[in-house]
Every structure is written in C-alpha cells, then in structure tokens.
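Remarks on the structure that follows.
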C-alpha cells in the first residue's frame, strides 16, 4: 500500500472532483475541485482510507490570480505510514469553506491561524477567533498585499508606524507579477 | 482525581453542617455552590515557560474551562521567509525552538534540500555530523524540559543538575559554530564548517558525564513519592485523543503511539544507527517524564555511535567533503573565488540572488525534541520561497490544553504544562 494507491482509491470514490494524483519528490498531491466538499472528502479519507493523522493545514495567497486562496492539507496515516497532500482553491469573493475540525480536532487551531493571518473563514468552526494577532486587529498580515513593514493604525502603540528595517531590502519581493522573475528583487535592477 | 461535583458536594455538606448550628432555618445550599472564578495565568508566569497565557475558569480549586491565548511572541517568521533567500532564513530558524537551535537548523536545511532534490546526495560526513547536532539538541532540550518541569513541581535540585550539563552542550555548540544559542550551523547542501580540533574528544567526555547526571536525576525523581503523587494519573491523554489532536514527539509517544520520524521515515543516516523508541503506557505526566528520560539515554547512544563511525575520523585527515559538490548551491571555497572565473560567478550569483529553486511544493517533517517540526515550502522558482509554512510542534501540542485541563485541580496545571515542554518561540513564530 503506497500513497499513490490510496490517492487512486480516493479518486475512485469521488471521481472527477479530484485531479489526477501528481508526484513531486515522492509526495502525492491531489487537487479538489470543489472546496465545499473538503470535509466530506476528508471524512472519507480518515474513515475508510486510514488517514487518521492531520499533520498540518496551510494556506497560500495566489495574489493577482483567481481563485486567490489555496488551502493545503497534509494527511498522514499512522497505520500505513503514507502521506497525502490535498489541495483546494477558494475564490476571494467567497473566502469561505467548510471546517475539517469535525474530522480531526487538531484542525481547530490551524484553521484559526489561517483565518487570522490570511482571512479565509471556515463555516461550522466551533470557535473562529483570531489566534496569533489580537482580537480587533484590522488586517490579515500573511496576505501578499500586506506590506512587510506593516500598516499604520489608529490604535496607539499596537501596530507599526514606521517601516521595518527589512522593507525595501534587496530580497523583498513585490506582490503579484506574472512569474517569479518579475516578482523578484533582481527585476528591480540597481537603483542609484 | 476528584470530579468538580465531588468537591462541590463535599464542601457544601461541610459548610451546611457547620452553618446549621448558626442559622438553622436557612436553606442556602444553592448559594453555597459558589460562584465561578476567572483566573488569568500568564503571559508572564514562571510555569508558563515564556509567554503563554491561559484564562482559567475555576470552581473552587477545580478547573471548569481553560482558554489558552497565544501570539505574544509572534514575529512573522513566515512572512519574513518570503522576503529573503533560502540561506538568509537559516538564522531565523535558531529562534523558533530556541532551546534546540541545532535541530532546527538541520530540519530547515533538510526541507530546502528536499525541494532542491539533493537530500539523498549529502556526503556521509555531513549526515553524521548533522545527526550528532540533532541529538545533542535533543539532550539539551530534554535536560531543560525535565529540569524546569521538576522545578515547577517543587524539586529544585534537579534543575541545578540538568542546567550544569546543559551548559556543557552550549560549550560544545560554541566551539562548533561560534555561538552558544544562535548557532546557524547548517547550510543548504552541507555545513558551515567542519568539526574543530579535539571536538570529538570533548563530546565523548560530555557523554560520559551526562549519563551520570541523567542517572542522578532518575534516582531523585522516578521513585520520589512527592513527584509520583504530583504527576501520576494527572493529565492523562488517551491514545485516540493524542492522535486526534496530532500531538507529536515525546507527548505522543507517552500515550503509547509508536510514531518517531527517525524510525518511520528515516532520513540522514538514522537507518545505520541502533536506538530504541521509548513508549508510555498511560499517557499521564509521569509517562511524559519517563519518555524524555529514556530518549536522552537513547540520544547519548546515538551520538556515541556517530562519533565512532564518523566518516573521515575526528580530524578528517582524509578530507571527506561536508557539503554537496554543486557550485549552484554551495558557496565555493574562498581560495578558488579569488583565482577562478567560474567560482567567482557562482559566488556572486549565490550571494546576490540566492540559489535558483525548482518550481514545486514539498513538506518535510523532522523529529525535533518537541515533536515534528515541519516545513511546507511552496516554490515558484527563484531565490525566495513563495510561501513557507512552519508546522511548529509546540503550537499543535498546546491546542489540546482547552480539552485536557478542565476537571483538573489548579495545581495540576503546573505539572501538565511542565510535562508538555513547549516553547513559545516556535508556537507563535
């Protein structure tokens, strides 16, 4: 039993909802077309395929692209020792998908973190509050359009008012851009 | 462990009995249930090991609700990582789990190497030295973990003993990397420098001394009545719950789940080394202590094997490489930069633009002292990651607190937090 077989089994059950499994560096990635069904797919993966261990949930901001958000679930089975990555996209207008904290309770804090830092909401989450930033903080700092130096705020003494030293540095990437070359500092050229 | 009901009831009976003499007519059992009290613990509290804050709701001495509050040490490491080259981020990994910086360095380097596809091309000497680093970090972290845990519960001597030994690891780290805590010892594709002269000898000496110390701590705690009373059957985490909350490291293994990344998915040279993975049976605070103690002994065993098998020997007379031979990843030797055109170009490109990463995404989990430290790296090519998520073991381990604490006595919180051995530096990132 390897991760590819399990990915195929998952695909047999859900059909075209899931993409053809992609392999990179020995890791198998499946893309889920409808984010609304993520909880259902995860429940099946846990219940039937033995993925009892959710290692991590992360989020990617594809700034400038549509759909803007990518959610990444790292699934693992302690029984068969296989790792599977499940990805799904969410558009910026919607910015919402079902929680998987009902499937694995560890997802609770991961989802709160994504809500806090990226601003994607999880429907059905038992306690969707900010976790890293404080309650009432107005921004989502991991978004690509949030400047590295921070944004000024009306609240006294709680947010940055000056840019951080790294801002404008040689490796500070610009948000957006077609490809890495355009985003990257080397595209800026040398300024006199 | 008494339930809230039992305590409430006993108390009421006692108070009604004594009050019955003074006010025989009033039936105030409802009033005597008492109000719940909200107690704020932390963020600056000696037993919260850093800046964890827990808002506890108490019914007498019993916790009825616990709300952990984290984020006081948030520095935006993931955002910072998106804006610097792969190599420039290594010093930031020192500051994740700042009690085991060497292990973080190894974990990060391995993750980036997996993205570059060079993780299986590492020279053997580099692998052995990295394992030594990771295991020394584990001993250091567990020494602090057990020491602080014991001090929180009232055994001061243990703390003094373990910190004396830990100091020696910092001395070794200093002669290895030049810094005691902020080691930044690994590089992508290798190591910053080879072992200094006489280091292997000093390390052997340390192993001899630390095992004496571990045994002494063992005699002080393992059969100590006060220690056993404070930790046994306190904070029990059943197997299924531990898996559901995705605990990792000693906290997971204390619940009896046999999951150690060094055995399950061996990386570096772990498959060539002999060691056991200790497991707990109950999953209480006492088991978590026992697992850490045994892990230290196993780490001593691993380091001793590595020192014996070290390719190239202690002083590397044979000139075994410590980095991959790829000019597009590892900085060339300075001598060649000054004399050869190709090396000069490589040096210039690596320093000004960073290594050009392939497009793709990887996840790599490393068995850190606190649990599984994972890096999810999403690369769109170029010298910086597009997105890097750090899966911090302390963050995940702490998420169980709101489930675990209710029902325990207030004083058990200290034992439970001590037994979890978390670091807020990596929890808040």
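Brief remarks follow.
- Positions within the stretch B:223-258 being surrounded by fewer than 16 Cβ atoms within 10 Å (Cβ to Cβ) and under 25 Å from residue B:304 (Cα atoms), in sequence order: B:258
- Residue check, residue B:429 surrounded by fewer than 23 Cβ atoms within 10 Å (Cβ to Cβ) and in contact with a strand residue (DSSP E or B) (Cβ under 7 Å, 6 or more places away or on another chain): no
- The one condition from (1) modelled with pLDDT of 85 or more; (2) touching a helix residue (DSSP H, G or I) at 6+ places or on another chain (Cβ under 7 Å); (3) in a helix (DSSP H, G or I) that residue A:36 does not meet is (2).
- Unmet requirement for residue A:27, which otherwise passes all of (1) within 14 Å of another protein chain (Cβ to nearest Cβ); (2) crowded, with 18+ Cβ neighbours inside 10 Å; (3) over 27 Å from residue A:144 (Cβ atoms): (3)
- Checked against the criterion of being on the phi > 0 side of the Ramachandran plot and within 16 Å of the chain's Cα centre (by Cα), the stretch A:6-18 has no qualifying residue.
Table: residues versus (1) more than 30 Å from residue A:114 (Cβ to Cβ); (2) modelled with pLDDT of 80 or more.
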residue	(1), (2)
B:4	yes, no
B:21	yes, no
B:43	no, yes
B:61	yes, yes
B:66	no, yes
B:89	no, yes
B:93	no, yes
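- The set of residues from the stretch B:287-328 being within 30 Å of residue B:382 (Cα to Cα) and in contact (Cβ under 8 Å) with a residue 24 or more places away in the chain comprises B:321, B:322, B:323, B:324, B:326, B:328.
- Residues considered: A:124, A:102, A:119. Of these, the only one that is within 13 Å of chain B (Cβ to nearest Cβ) and out of contact with any helix residue (DSSP H, G or I) (no Cβ under 6 Å at 6 or more places or on another chain) is A:102.
- Residues considered: B:66, B:109, B:100, B:137. Of these, the only one that is in contact with a strand residue (DSSP E or B) (Cβ under 6 Å, 6 or more places away or on another chain), buried (at least 24 other Cβ atoms within 10 Å of the Cβ) and either within 27 Å of residue B:230 (Cβ to Cβ) or more than 14 Å from chain A (Cβ to nearest Cβ) (or both) is B:109.
- For the stretch B:315-327, the condition holds for no residue, the condition being that it is at pLDDT 90 or above and touching a strand residue (DSSP E or B) at 6+ places or on another chain (Cβ under 7 Å).
- Elements of type helices (runs of 4 or more DSSP H) contained in the stretch B:297-403, each with 1 or more residues being farther than 19 Å from residue B:108 by Cα and at the interface with chain A (Cβ under 9 Å from one of its Cβ atoms): B:341-353, B:393-398
- Once the stretch B:115-130 is narrowed to residues that are farther than 12 Å from residue B:311 by Cβ and surrounded by fewer than 22 Cβ atoms within 10 Å (Cβ to Cβ), the residue that is nearest to the chain's Cα centre (by Cα) is B:119.
- Count of residues meeting criterion [at the interface with chain A (Cβ under 10 Å from one of its Cβ atoms), without any contact (Cβ under 8 Å) to a residue 12 or more places away in the chain and part of a helix (DSSP H, G or I)] in the stretch B:244-286: 2
- The set of residues in the stretch A:58-88 that are closer than 14 Å to residue A:119 by Cα and either in a strand (DSSP E or B) or facing another protein chain (nearest Cβ under 8 Å) (or both) comprises A:58, A:59, A:60, A:61, A:69, A:70, A:71.
The values are calculated or read from the model by the stated rules, or taken from the named source; none is laboratory data. Quick caveat: nothing in here was measured; it's all calculated off a predicted structure. When we count neighbours, we look across all protein chains shown, and the Cβ atoms used for this are built from the backbone with ideal geometry, even at glycine.
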